[in-house]
């Protein structure tokens with residue numbers, strides 16, 4: 001045991017080099033949702049090397065231009081000389097470098113480095129990350145089929161395809177119009193029967209609309225309605241929990257550790273969706289989940305088009321967190337490619353848990369470089385409607 005401890009108690013595991021790439025993975029089909037049109041997912045990939053040659057990989061979502069900027073100007077320089085065993089300290093160091101009052105501007109950039117530190121640590125220990133986070137609670141991780149179809153007549157075919165592929169949970173994007181919200185849910189339920197269905201509004205409803213729409217949706221026995229109101233309206237979400245029976249889930253409201261604490265204090269959610277990129281790291285998600293576990297709230301994971309590294313991190317988190325008992329979101333079925341040949345893959349609507357050290361994924365640099373871009377595009381808005389932009393709430 002002393003020999004194991006000594007491995008982490010010297011300068012050899014300090015970060016000596018940081019490389020990073022901005023990549024854009026095309027989607028196999030264009031996604032339409034309440035905030036615009038997406039034809040690809042942009043991710044920041046990083047690789048660290050310790051003084052003794054150890055390697056760690058990380059990934060984060062890059063929706064807006066501050067992510068690569070904060071990574072290059074703050075995160076990567078601060079990481080030089082950091083021990084890979086000091087992920088919590090590093091997270092707080094970045095916040096202390098000017099982002100304490102602007103956490104949401106920094107969390108996505110921090111997440112890539114923090115993931116790489118954990119990956120390097122797991123490789124060094126010879127253990128998969130779930131073993132470092134409490135051990136294997138569940139041996140496979142169920143995933144939710146993600147449906148981005150705003151036409152109630154066309155959504156049936158998509159739901160049937162996912163059902164045939166073995167999915168048992170389905171997530172439908174609503175919040176596009178008052179007229180399509182309920183018909184979309186009805187169409188999916190008609191196809192999938194007693195399977196769990198969740199509906200994501202993305203903050204499109206006003207409080208009055210929310211009460212009306214939730215009353216109409218009550219007969220469909222939804223697993224939950226996600227983010228019905230604007231992200232800042234915790235009081236409104238708390239009122240919705242009291243005045244009707246459909247469970248309320250929060251996602252955009254639940255970025256940081258403090259966000260989750262405030263949600264619990266306000267009694268604003270029956271379910272919380274977490275995301276290591278939006279919280280600033282996998283360790284932050286573990287702490288967020290523990291807050292929810294202490295009051296009996298189940299959690300799951302939000303998806304933003306994860307590639308192999310982030311998908312592996314998701315599976316390790318879900319495998320080790322007891323109250324992450326709901327199927328995790330995934331957009332893997334929409335990706336046209338990936339950056340690693342050995343990342344977790346869906347089979348019958350579930351992921352197997354990687355059992356190799358660290359994340360258990362070996363990215364291919366040639367694949368990474370194939371998808372390198374110099375900027376972010378296609379996350380929001382719609383190039384086919386140049387004068388259009390989303391508003392929250394919309395109706």
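FYI, it's all coordinate maths here, none of it is from the lab. Treat the numbers as computed from the prediction; the structure is a model and nothing was measured. Positions of Cβ are generated from backbone atoms using ideal geometry, with glycine treated the same way; all protein chains shown enter the neighbour counts.
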Please list, short to long, the whole-number percent of alpha-carbon pairs of the chain in consecutive 10 angstrom bins beginning at zero.
5, 23, 34, 26, 10, 2, 0
Based on alpha-carbon centroids, what's the gap between region 271-289 and region 42-67 in Å, whole number please?
18 Å
Treating region 224-272 as a set of equal point scatterers at the Cα positions, no solvent, please give the Debye-formula log₁₀ I(q)/I(0) at q = 0.22, 0.24 Å⁻¹.
-0.63, -0.76
Give me the number: length gained by fully extending residue 325 to residue 287, i.e. 0.36 nm times residue separation minus the C-alpha to C-alpha distance, one decimal in nm.
12.1 nm
Per principal axis, descending, Cα span of region 2-127 in whole Å
55, 35, 20
Express the Stokes-Einstein translational diffusion coefficient of region 130-359 in µm² s⁻¹, to the nearest whole number, given a Kirkwood radius over alpha-carbon pairs, 37 °C and a viscosity of 0.692 mPa s.
184 µm²/s
May I ask you to compute the full-extension gain from residue 92 to residue 294, defined as 0.36 nm times their residue separation minus their alpha-carbon distance, rounded to one decimal in nm?
70.3 nm
By average C-beta atoms within 10 angstrom, highest first, the peptides 294-301, 239-246
294-301, 239-246
Which order do the peptides 149-158, 177-186 take when ranked by the mean count of other beta-carbon atoms within 10 Å per residue, highest first?
177-186, 149-158
If you take the beta carbon distance between residue 39 and residue 348 as r and set R0 to 25 Å, what does 1/(1 + (r/R0)^6) give as a FRET efficiency, to the nearest 0.05?
0.35
Nearest 10 degrees, 0 to 90: what angle lies between the long axis of helix 282-293 and the longest principal axis of the chain (Cα atoms)?
50 degrees
Work out the FRET efficiency for residue 232 and residue 52 from their Cβ-Cβ distance, taking R0 = 56 Å, and round it to the nearest 0.05.
0.75
Protection proxy ranking, peptides 370-378, 166-174, average beta carbon neighbours within 10 Å, highest first
166-174, 370-378
Give me the distance in nm between label points sitting 7 Å out from Cα along the Cα-to-Cβ direction at residue 105 and residue 218, one decimal.
4.5 nm
Given a Förster distance of 56 Å, the FRET efficiency implied by the Cβ-Cβ spacing of residue 355 and residue 387, rounded to the nearest 0.05, works out to 0.60
What is the helix-to-structure angle for 155-164, meaning the angle in degrees between its Cα long axis and the longest Cα principal axis of the chain, kept from 0 to 90 and rounded to the nearest 10?
50 degrees
Grab the Cα-Cα distance for residue 395 and residue 333, subtract it from 0.36 nm times how many residues apart they are, and report the gain in nm with one decimal.
19.3 nm
